[in-house]
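The values are calculated or read from the model by the stated rules, or taken from the named source; none is laboratory data. What you see is a predicted model; the values in this text were computed from it and never measured. Here the Cβ is made from the backbone with ideal geometry for all residues, glycine too, and neighbour counts use every protein chain on show. What goes into the accessible areas is simple: the full protein's heavy atoms, side chains included, and nothing from ligands, DNA or RNA. Shrake-Rupley method; radii C 1.70, N 1.55, O 1.52, S 1.80 Å.
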Amino acid sequence: MSTNDILKEKEQVVIRFSGDSGDGMQLTGMQFSDTSAFFGNDVSTFPDYPAEIRAPQGTVGGVSGFQLHFGHYEVNTPGDYADVLVAMNPAALMANLNWVKKGATIITNEDTFTDKNLEKAGFESNPIKDHQRDYHFIEAPISTLTKECLKNFELDGKSVLRTKNMFALGMVYWLFDRPLKYTEHFFEEKFTSKPLVIEANKKVLRAGFNFANTIEALPRSYKVAPARIQPGTYRNISGNTATAWGLIAAAEKANLPLFCGSYPITPATEIFQELSRRKDMGVKTFQAEDEIAGICTAIGAAFAGNLAVTTTSGPGLALKTEATGLAVMTELPLVIVNVQRGGPSTGLPTKTEQSDLLQALHGRSGEAPLVVIAASTPSNCFDFAFQAARLALEHMTPVILLTDGFIANGSEPWRLPLDSDYPDIHVPHATPEDENYQPYKRNNEKLIRQWAIPGMKGLEHRIGGLEKMDKTGNVSYVPENHELMTRYRDEKIKRVAQYFPDIKLKGDENADLLVIGWGGTYGHLYSAVKELRKQGKKLALLHFNHLWPLPRNTEEILGRFDKKVVCELNMGQFADHLKVNIPHFECEKFNKMQGLPFTIIELMNKFNQLLEEK
Amino acid sequence: MTQEIKKLTPKDYKSDQEVRWCPGCGDYAIMNSIQKAMAELDYKKEDVAIISGIGCSSRFPYYMSTYGFHSIHGRAAAIASGVKTANPNLHVWQISGDGDAMAIGGNHFIHAIRRNIDINMIIFNNEIYGLTKGQYSPTSPLGKKTKTSPFGTVEHPFHPGELVIGSQGKFFARTIDYNVKLSTDIFILMAKHKGTSVVEVLQNCVIYNDGCHAMLTDKEHKEDRTIVLKHGERMLFGKEKDRGIILDGLKLRVVKLSPGGFTENDLLVHDAHENNPGIHTMLANMRYPDYPVALGVIRDITSVTYDESVANQIDKIKKNAKFKSMRDLIYSGNTWEIKE
């Protein structure tokens with residue numbers, strides 16, 4: 001880089017990479033976020049891709065995007081609007097123009113802006129000309145220059161063009177004063193057996209970097225200084241990987257084999273894939289013939305003494321309904337992970353929503369209570385997956401862990417925990433040859449039964465979906481017994497709250513507005529509350545991870561505030577849940593059902609409006 | 001001090017629960033056969049897990065003193081698959097009816113067989129839904145009149161053997177409820193076979209489908225209407241042992257032995273270990289009155305099991321694993337330090 005560049009210091013920047021779903025935008029975005037994280041920025045990312053693997057090229061339906069937000073202070077969301085947009089074709093520009101700040105820099109691949117492509121994308125005239133004053137366009141002949149750059153390589157045309165995303169990445173690296181070495185290293189690791197591909201990618205990356213340095217069209221370059229974050233060892237992690245690892249960590253801590261029975265479903269599949277990779281850690285995965293077999297094999301594995309898990313998304317959870325009831329009835333430990341997506345039915349497979357809350361809480365035949373918890377950031381998926389497993393084992397119950405497409409696919413730096421950071425897990429195993437063993441005898445504290453596992457001598461017993469006699473576990477149709485067992489099942493789950501930490505308020509104790517949320521909306525809600533508090537307004541955030549049972553101090557905290565708003569990506573399911581369970585609870589609601597996360601701006605507007613209302 | 005281990009007897013496998021099948025139900029005899037087989041196999045009670053779905057036959061686990069799981073309708077094969085994969089040391093037996101295995105549970109049934117998980121499936125086939133009081137099942141013969149087919153069914157039934165072999169089944173046998181000796185022998189062979197083994201038991205529902213297999217159980221004619229196949233033996237049957245099966249072109253044919261005509265040496269020799277499923281499918285599909293119904297072990301071939309493969313793969317990968325613990329895993333790859 002030449003020394004006379006003037007670097008502009010910026011606190012935070014949002015970049016959005018977008019192109020055809022085959023253009024490699026996810027990889028490009030991940031590379032930029034890894035490099036920024038190594039550089040010491042705090043980062044939050046969000047991939048946004050279509051449900052179709054390869055929708056027709058050049059159409060808006062086939063646009064795949066990756067947004068990332070990095071800063072030199074704490075970053076809690078991938079950002080609302082982009083400072084820089086990379087649009088590899090007109091469709092990408094069409095799809096993203098609404099998500100770009102006025103005055104933003106837009107890098108386009110000039111070669112793709114032909115009349116035909118503009119028409120395919122739905123533009124009636126050339127948008128670059130039309131918006132000349134609104135944005136700073138950098139038109140680069142990315143395809144031409146990539147081809148030129150690799151003309152002496154013995155690669156076919158398709159492989160050559162596949163590297164054009166690296167040209168764009170090189171340009172953006174220059175724009176933000178980033179080193180190339182991490183991405184170069186990435187290629188060396190990824191393509192060890194294909195030296196030609198390594199060289200080609202490295203060369204195109206550098207060409208993009210140099211191009212940006214050379215052309216006059218780039219008048220500015222930004223620098224975002226490293227963030228001030230807590231000391232420790234970090235890595236980037238997505239919510240789905242964190243979920244898989246949290247489950248493995250729990251199995252290790254509990255000293256039990258981990259079994260996962262699942263059926264692939266967007267956006268939960270990556271959890272199952274990561275667990276399948278972890279045979280080195282002894283994980284057994286079973287790709288079942290359907291969602292029902294997924295949970296049923298897991299129930300079988302739980303009966304046989306494993307830490308058993310099934311992973312799914314909303315429609316899959318619906319298919320698992322009956323078997324979940326069986327796990328409730330047989331009081332076996334089981335973790336059900338539901339990565340929520342837009343619904344109902346097939347709905348919006350690749351988009352996010354929080355609309356499975358009531359299904360998780362109540363979606364079973366009969367009265368079948370279980371524990372429902374939710375993760376709220378990509379990295380704390382690890383903590384809550386671990387906790388889901390711990391609660392399932394220690395309380396002999398199925399636990400539903402809710403995450404969502406936004407935090408599952410999003411990533412952020414994760415401060416790696418030490419072994420001592422997570423608690424021991426006490427598995428309530430029965431004692432072999434215990435002559436007094438009864439399968440449905442409960443302990444007084446938690447009301448749980450003891451777990452006797454096939455192979456344990458002298459504890460042979462039968463369980464099943466039919467109502468069980470108290471203590472003996474024999475089939476029973478005795479009317480009073482059914483009522484007793486129904487109450488036991490209810491009380492057993494309610495008592496789990498005694499083992500939850502109290503929920504903590506963030507913000508002003510005497511807030512004029514209490515913002516209430518749960519699960520994956522944390523980053524946006526927290527950022528909006530923080531921004532308004534900076535402006536001198538009095539707000540607080542009460543964000544829930546424990547959904548059933550609710551934390552013990554819920555009623556007390558809610559009672560302290562007059563004005564409350566529950567914000568969720570659904571029609572108000574958590575607000576209704578609170579109304580049912582907290583006496584006299586009343587609230588405003590703010591709901592969004594667009595398959596997208598909240599934006600900080602829309603939240604701030606809503607909160608301001610509520611603060612002004614008397 | 002050495003403790004003498006007493007060999008268990010069939011009644012040691014009985015639980016203390018009152019058996020509640022209808023008087024005269026074929027299930028009683030099947031349970032006797034299973035208990036006899038388990039005693040013969042010298043099974044430790046704690047190592048046995050009996051998994052069932054829903055239906056009359058699926059009450060079975062409650063009447064056994066082993067570990068047992070009475071699950072939900074159709075899902076026995078999936079639950080049994082999970083049990084066996086989680087702990088391959090267990091003897092996992094599955095009890096399902098024709099509806100449980102082939103209607104609501106059809107998907108799990110064929111996929112368990114395809115995977116060749118080492119579970120022993122016993123299908124109680126009474127060609128009717130008994131627990132819901134008499135509706136037709138996927139094995140009810142075409143035209144059968146039941147409560148949901150008052151004018152006769154218009155559906156073609158599944159033939160369990162054909163379905164099992166079509167799902168790449170490695171072991172298929174057929175027996176008949178009242179024949180405790182034959183059933184016991186077959187259950188022992190089933191248990192010894194590694195991989196998914198399916199035994200179809202022709203079972204009488206005394207209330208809703210009484211006499212459904214009467215053609216084959218009738219004292220006078222049963223030996224003329226069934227053939228007990230034994231590996232390595234000629235396909236000879238009949239009260240007078242005067243009939244047998246030959247291959248005529250691409251078809252099986254029943255022939256009568258006579259001096260100067262067909263002799264025993266012309267008859268097919270049963271080879272249960274033949275990989276090619278062609279003849280096994282034909283044998284499994286033989287139906288009275290054109291043919292005798294085949295009993296005994298029709299197909300019994302060896303192949304690697306799913307549970308073994310899973311365990312072997314994990315062992316192999318673990319040996320060369322970079323990661324021995326969670327700590328190794330999370331600190332692997334691209335990490336960075338933030339200092340004070």
*asked:* Looking at segment A:138-166, I want the residues that are assigned by TED's automatic domain parsing to the domain that holds residue A:106 and farther than 19 Å from residue A:22 by Cα and have a partner that is at pLDDT 90 or above and open to solvent by less than 30 Å² (accessible area, probe 1.4 Å) with Cβ atoms under 6 Å, at least 6 apart or on another chain. Which pairs are those?
replied: A:138/A:107; A:139/A:108; A:149/A:204; A:149/A:207; A:150/A:160; A:150/A:200; A:153/A:200
*Kindly indicate whether residue B:19 is more than 15 Å from residue A:301 (Cβ to Cβ) and either surrounded by 24 or more Cβ atoms within 10 Å (Cβ to Cβ) or of a type in the set (Val, Ile, Thr) (or both).*
yes
_Looking at segment B:51-66, can you tell me whether even one residue there is under 27 Å from residue A:434 (Cα atoms), assigned to a helix (DSSP H, G or I), open to solvent by 10 Å² or more (accessible area, probe 1.4 Å) and touching a helix residue (DSSP H, G or I) at 6+ places or on another chain (Cβ under 7 Å)?_
yes
*Which number in (1) farther than 25 Å from residue A:144 by Cβ; (2) at pLDDT below 90 marks the one condition that residue A:238 misses?*
(2)
*Unique residue being farther than 25 Å from residue A:551 by Cα, of a type in the set (Ser, Thr, Tyr) and open to solvent by less than 10 Å² (accessible area, probe 1.4 Å) when the list is A:312, A:324, A:346*: A:312
*residue A:278 vs. criteria open to solvent by 10 Å² or more (accessible area, probe 1.4 Å), at the interface with chain B (Cβ under 10 Å from one of its Cβ atoms) and in a strand (DSSP E or B)*: no
*Criterion: within 20 Å of the chain's Cα centre (by Cα), within 30 Å of residue A:247 (Cβ to Cβ), within 14 Å of chain A (Cβ to nearest Cβ) and not in a loop (DSSP other than H, G, I, E, B) - qualifying residue of B:307, B:315*: B:307
*Which of the residues that make up segment A:102-130 are of a type outside the set (Asp, Glu) and open to solvent by 50 Å² or more (accessible area, probe 1.4 Å)?*
A:102, A:114, A:116, A:120, A:125, A:129
*Give the number of residues within segment A:449-475 that are buried (at least 20 other Cβ atoms within 10 Å of the Cβ), part of a strand (DSSP E or B) and within 11 Å of chain B (Cβ to nearest Cβ).*
4
_For residue A:258: the one exception among (1) within 11 Å of chain B (Cβ to nearest Cβ); (2) within 19 Å of the chain's Cα centre (by Cα)_ = (2)
*Subset of segment B:67-101 [open to solvent by 10 Å² or more (accessible area, probe 1.4 Å), of a type in the set (S, T, N, Q) and out of contact with any Asp or Glu (no Cβ under 8 Å at 6 or more places or on another chain)]*: B:87
*asked:* I'd like the residue in segment A:63-85 that is of a type in the set (D, E, K, R) and either more than 11 Å from residue A:100 (Cβ to Cβ) or touching a helix residue (DSSP H, G or I) at 6+ places or on another chain (Cβ under 6 Å) (or both) and, out of all such residues, is most open to solvent (accessible area, probe 1.4 Å).
replied: A:74
*Could you list, in sequence order, the residues of segment B:85-99 that are touching a helix residue (DSSP H, G or I) at 6+ places or on another chain (Cβ under 8 Å) and at the interface with another protein chain (Cβ under 8 Å from one of its Cβ atoms)?*
B:85, B:86, B:89, B:90
*Kindly indicate whether residue A:186 is within 14 Å of chain B (Cβ to nearest Cβ), surrounded by 15 or more Cβ atoms within 10 Å (Cβ to Cβ), out of contact with any Phe, Trp or Tyr (no Cβ under 7 Å at 6 or more places or on another chain) and not in a loop (DSSP other than H, G, I, E, B).*
yes
*In this structure, is residue A:412 open to solvent by less than 30 Å² (accessible area, probe 1.4 Å), at pLDDT below 95 and charged (D, E, K, R)?*
yes
_If I go through segment A:387-423 residue by residue, how many of them are of a type in the set (Gly, Ala, Ser) and away from chain B (no Cβ under 14 Å)?_
5
*If you check A:370, A:361, which single one turns out to be in the same structural domain as residue A:242 (by TED's automatic domain parsing) and surrounded by fewer than 24 Cβ atoms within 10 Å (Cβ to Cβ)?*
A:361
_Restricting to segment A:547-592, name every residue that is acidic (Asp, Glu) and within 25 Å of residue A:341 (Cβ to Cβ)._
A:568, A:576
_Condition first: among the charged types (D, E, K, R) and either in a helix (DSSP H, G or I) or in contact with a strand residue (DSSP E or B) (Cβ under 6 Å, 6 or more places away or on another chain) (or both). Now tell me which residues in segment B:34-50 satisfy that._
B:36, B:40, B:45, B:46, B:47
*Report, by residue number, each residue of segment A:424-433 that is within 14 Å of chain B (Cβ to nearest Cβ) and β-branched (Val, Ile, Thr).*
A:425, A:431
_Here is a check on your reading of the model: is residue A:332 in a loop (DSSP other than H, G, I, E, B), crowded, with 22+ Cβ neighbours inside 10 Å, within 10 Å of chain B (Cβ to nearest Cβ) and among the hydrophobic types (A, V, I, L, M, F, W, C)?_
yes
